[in-house]
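In what follows, a single structure is set out as structure tokens and then discussed.
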Amino acid sequence: MSIDLILTGNVVTPFNVYERTSIAVKGGKIVSIGDKSSMPAAQEEVDVKDLVILPGAVDTHTHSLGTPEEGHWNSTSAAAAGGVTTINDHPLDIGGAPSSPSDLQNKAEKTAKEAIVDFSLLAGGLPEKLDDILASANAGITGYKMLMHSTSGAHLYGMRAVDDGELYAMFKNIAKVDQVGMVHAENEWMINYLVDEWTKQNKTYLAAHHETRPEVAETVSVCTAIELARDLNMRLHIVHVSVPRSFDLIERARAEGVKVTGETCPHYLLANHDLWKEVGSHFKINPPLRSEESRQGLWKKIREGKVHMISSDHAPHPGIQEPNVFDNPSGSPGIETMLPLVFHEGVYKGNIDLPKLAQLMSYNPARLMGLYPQKGSIEVGSDADFAILDPQKEWVIEGGKLRAQSKWSMFEGMKITGKVVSTYVRGTKVFEDEEVIGQRGYGQWVKKVRNYDL
Ligand SMILES: [Zn+2]
């Protein structure tokens, strides 16, 4: 058997670190892992010495079509440069959220012409199109996105905050087809009330954004979603959880047998709302950044095993341009810096070990979305998707150099340790030495195979 590639380095799986180990790749798949001396010769042999070979990151939460400038070429270039080998594209697309099988097929065909890393698709959960939930269940989707809060620009995507009755109706159909419902959990009515109050008092400065979104506006919606999922026996995933207490609520429900998981994002793990005040002239994000106590609380939840995954919520909006904070869009670029930031704050600073990093960023996301074992791990039979990370390399984040078209970063000027130096998708190098070298259209649609109970 001739081998295409043998890659040697410190191999990280979701459960172990294997120092100086080789991975043999053929036809884009991993065919063996072990000592190089036991492997046949390969066409190409790469030894990354003491660098870390991680399973490519799987991002459950990417918005590629929510701004006119971005698109899948840019979002997947940013992904490749950040060691992300599969993106799960959310349906908040300008022109309308895909919900029917033909909408999804169209989106997949267009995406496949642009993407350089692999992608999966999440369908829009729309109360006006309840039948689409049933019709699209087996179209290869990873689940349905639903909004409990009309996040900025939602009208452009044909999505809006649904009420509890509509959520109940959608959850019922999702449960019927045993799919996953992914929910943006923030309370529309509480936030609208507070924004009105603040506006009446002319409090439209930058910090008004987080002042009008207290933590309880998230936890109350998490409770509602959990209770509905529990009653209907639906698989629930809460996206971008920003409050430690939300993970306690999720854990309590899991102890009762509710199939619920939660993801948090790098910005809640690396920044607090004081940073937001400093660099807030550039951005808003939903949910907002929280207190330092809550930021540290999220790390505690991670160490306790209550956080299931970390996603980017990559949504590269232009940032603050209007004087009234409420008139600006929310969303931040994030996919390119996600893995290095979590490595820096997590592994480098001693909060988690490398296998835990692989669980949070590859293995658990791939299982939630039903893409494992094709994606999410380094094991025989899996796709040869790797992020090669230099754990010693120090660098400074510069928004202008990132591939996202927004050209800013909320971590501008931050010095971090740990950098992605190359990325492989199905055995092909798509990023190396600061250059994205993947071919436009190389990325493939990855479909859900089955559900896993996380
Ligand atoms: Zn999002």
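Just so it is clear, none of the values below were taken in a lab; they were calculated from the coordinates. Just so it is clear, the structure is predicted and the values come from calculations on it, not from any experiment. Ideal geometry is used to build each Cβ from the backbone, glycine not excepted, and the neighbour counts take in all protein chains shown.
Here are some notes:
- Beta bridges from DSSP with both residues in the chain: antiparallel share about 50 percent, rounded to the nearest 5.
- Remark: the range 95-182 carries a charge dipole of roughly 120 debye about the Cα centre, counting +1 on each Lys and Arg Cβ and -1 on each Asp and Glu Cβ.
- Two tests apply to each whole DSSP H helix in the chain, Cα reach of 15 Å or more along its axis and mean Kyte-Doolittle hydropathy of at least 0.0, and the ones passing both are 215-232.
- Spherically averaged projected area of the convex hull of Cα atoms, the range 112-250: 10.2 nm².
- Potential extension, Q296-R230 segment - 0.36 nm per residue separation minus Cα distance: 20.8 nm
- Among the listed pairs K107/K349; K113/K375; K49/K113; K356/K429; K145/K284; K259/K448, those whose Cα-Cα separation exceeds 29 Å are K107/K349; K49/K113.
- Likely footprinting exposure, L167, L339, fewest C-beta neighbours within 10 Å first: L167, L339
- Restricting the calculation to Cα atoms, every distinct pair contributes to the Kirkwood radius of the range 154-232, found to be 14.2 Å.
- Sequence-ordered 3J(HN,Hα) estimates for the range 339-349 from the Karplus curve with 6.51, -1.76 and 1.60 and θ = phi - 60° stand at 5, x, 5, 6, 4, 4, 6, x, 7, 4, 8 Hz, glycine and proline given as x.
- Phi angles of the range 386-401 translate, via the Karplus equation with coefficients 6.51, -1.76, 1.60 and θ = phi - 60°, into HN-Hα couplings of 9, 10, 8, 10, 8, x, 9, 6, 9, 8, 10, 6, 10, x, x, 8 Hz per residue; Gly and Pro are given as x.
- Taking 0.36 nm per residue of sequence separation and removing the Cα-Cα distance, the V17/K393 pair yields an extension gain of 133.4 nm.
- Computed over the range 57-368, the range of Cα coordinates on each principal axis works out to 46, 46, 44 Å, biggest value leading.
- Distance between the C-alpha centres of the range 304-345 and the range 1-78: 25 Å, rounded to the whole angstrom.
- Coupling constants for the range 422-429 follow from the phi torsions by the Karplus curve (6.51 cos²θ - 1.76 cosθ + 1.60, θ = phi - 60°), and in residue order they are 7, 9, 10, 10, 6, x, 10, 6 Hz; glycine and proline get x.
- Estimated at 0.36 nm per residue, the fully extended path between E44 and D164 surpasses their Cα-Cα distance by 37.6 nm.
- CD proxy at 222 nm, helix term only [per DSSP H run n ≥ 4: -39500 (n - 2.57); per residue of the chain; nearest 500]: -8500 deg cm²/dmol
- For the range 1-151: rounded, prolate or oblate by the Cα gyration tensor [a/c cutoff 1.5]: prolate
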